[in-house]
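Here the structure comes first, spelled out in structure tokens, and everything after it is commentary.
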Amino acid sequence: MAPRSRPAGSHSAPQEHLGVASLLASKEMIIVCGSGGVGKTTTAAALAAEAVVHIGGRVLVLTVDPAKRLANALGLQAFGNTETRVPDKAFTAAGVQPRGELWAAMLDTKAGWDELIRRHAPDAQLRDTVLANPLYQNITGRFVQSHDYIAMERLHDLHSSGRYDLVIIDTPPSRNALDILDAPGRMMEFFGSRLLRWLTVPYRSRLFTIASKPFYQIADRVLGSRFLQDIAEFFVLFQTMEKGFVARAREVERLLADPRTSFLVVSTLEAAPAHEAAFLASALSERHLPLGGIVINRAMPPVLREPAVAKAATQLTKTANKPPLADELGALLAADPVVVRSILTEIGERFHDIAMVATREAERRGELERLAPFTATAPALAHDIHNLRGLLELGNHLWQ
């Protein structure tokens with residue numbers, strides 16, 4: 001399929017109409033980020049589906065450890081590190097005709113590291129030695145926020161391949177919103193760190209090796225045979241690939257700041273996620289990284305703040321105990337009027353609390369709106385998203 005056409009100068013010119021539609025149409029890479037539990041993965045998939053329906057081209061959504069229900073929602077039994085195309089029949093079953101192709105893949109940290117070693121190893125012997133190292137899998141899964149770095153590496157690979165017109169990546173859940181941004185820099189810092197020098201000194205200095213032999217013998221008895229030696233050997237091998245790793249990390253940093261890339265922060269309007277979203281949006285601005293917008297997920301409807309609704313809730317509380325209303329509803333619902341009266345009273349009295357939450361949400365929304373070129377809002381849906389129709393319903397709220 002031929003790449004979709006883009007407006008002239010869209011890579012560098014500011015967008016005239018800000019919103020999800022213009023963002024999807026003008027960018028080649030969208031990095032969806034935010035705190036955990038706010039719906040990043042589902043939002044990323046929904047945006048990809050919308051792009052396929054409304055814009056066309058080849059669109060890839062790269063998710064992080066997606067739940068099985070997301071694979072099912074995309075019309076797939078499962079998907080992994082290799083890109084898999086979502087069948088067109090999944091779109092027709094949802095009542096739409098796709099203009100392009102939707103592809104999906106899952107981030108696989110182990111496979112990502114294996115590919116990095118194959119790319120940067122100076123020769124086949126070193127490559128095979130590193131991959132066969134007994135500590136390789138364990139270590140690469142734990143140091144320098146490897147999941148975050150591999151996510152950025154994979155994004156670079158996919159962009160460089162030219163196979164896709166748009167790549168949307170769902171970033172890994174993180175304790176710190178900046179981990180995903182700092183991952184390339186931390187990779188470069190690691191190769192110049194004291195830790196790496198300390199681990200590799202025994203193999204770079206014959207004198208040190210002789211002097212430290214008793215220490216290693218004791219460590220072997222406590223930790224197991226050749227434990228520290230295996231660690232040191234691994235990092236000596238790893239250090240031989242420093243030049244390639246550092247050069248690649250710099251390329252990834254440049255890609256994050258590229259005008260064709262945009263960050264999209266996802267948040268709910270609960271206190272903690274909203275605070276994290278504001279922090280992340282500010283950090284992107286300070287680092288001169290392209291913040292496209294903020295998606296506000298599971299928002300309460302604005303109607304809850306209207307005076308007329310509050311007045312109706314007050315009237316409901318007053319009339320709940322009067323016979324006509326409870327009796328008529330009871331007859332209509334085939335329910336005990338006493339139970340109906342109790343429910344109506346509870347709803348009326350609790351409305352104040354709900355309106356208070358909606359007001360606080362509105363305040364947080366205002367704070368986020370001041371930090372981004374645009375905000376797009378999706379309400380709390382009345383059902384779980386279990387198929388492509390549900391993803392498109394969510395995406396439609398954001399598209400509009």
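Looking only at the range 284-327, which residues are within 15 Å of residue 178 (Cα to Cα) and surrounded by 16 or more Cβ atoms within 10 Å (Cβ to Cβ)? Correct list: 284, 289, 290, 291.
Taking helices (runs of 4 or more DSSP H) as the structural unit, those lying wholly within the range 36-94 and holding at least 2 residues that are surrounded by fewer than 18 Cβ atoms within 10 Å (Cβ to Cβ) correspond to 68-73, 88-93. Considering 382, 331, the condition of being exposed (fewer than 15 other Cβ atoms within 10 Å of the Cβ), at pLDDT below 85 and not in a helix (DSSP H, G or I) is satisfied by 382 alone. Considering the range 357-379, the residues that are surrounded by fewer than 20 Cβ atoms within 10 Å (Cβ to Cβ) and not in a helix (DSSP H, G or I) include one that is nearest to the chain's Cα centre (by Cα), namely 377.
Please state which of the following conditions residue 273 fails to meet, knowing it meets all the rest: (1) over 30 Å from residue 47 (Cα atoms); (2) touching a residue at least 40 places away in the same chain (Cβ under 8 Å); (3) touching a Ser or Thr at 6+ places or on another chain (Cβ under 6 Å). Unmet for residue 273, out of (1) over 30 Å from residue 47 (Cα atoms); (2) touching a residue at least 40 places away in the same chain (Cβ under 8 Å); (3) touching a Ser or Thr at 6+ places or on another chain (Cβ under 6 Å): (1). The criterion of at least 2 residues that are modelled with pLDDT of 90 or more is met, among helices (runs of 4 or more DSSP H) falling completely within the range 194-296, by 242-256, 271-286.
Which residue, of 352, 383, is outside the structural domain of residue 277 (by TED's automatic domain parsing) and more than 19 Å from the chain's Cα centre (by Cα)?
352
Mind checking which pairs have a first residue in the range 42-57 that is more than 14 Å from residue 265 (Cα to Cα) and a second that is at pLDDT below 95 and of a type in the set (D, E, K, R), Cβ under 8 Å, 6 or more apart or different chains? Note: pairs meeting the criteria are 45/170; 55/4; 56/4; 57/4.
The values are calculated or read from the model by the stated rules, or taken from the named source; none is laboratory data. Just so we're clear, the structure is a prediction, and the values are computed from it rather than from any experiment. For neighbour counting, all protein chains shown are included, and Cβ atoms are generated from backbone atoms with ideal geometry for every residue, glycine included.
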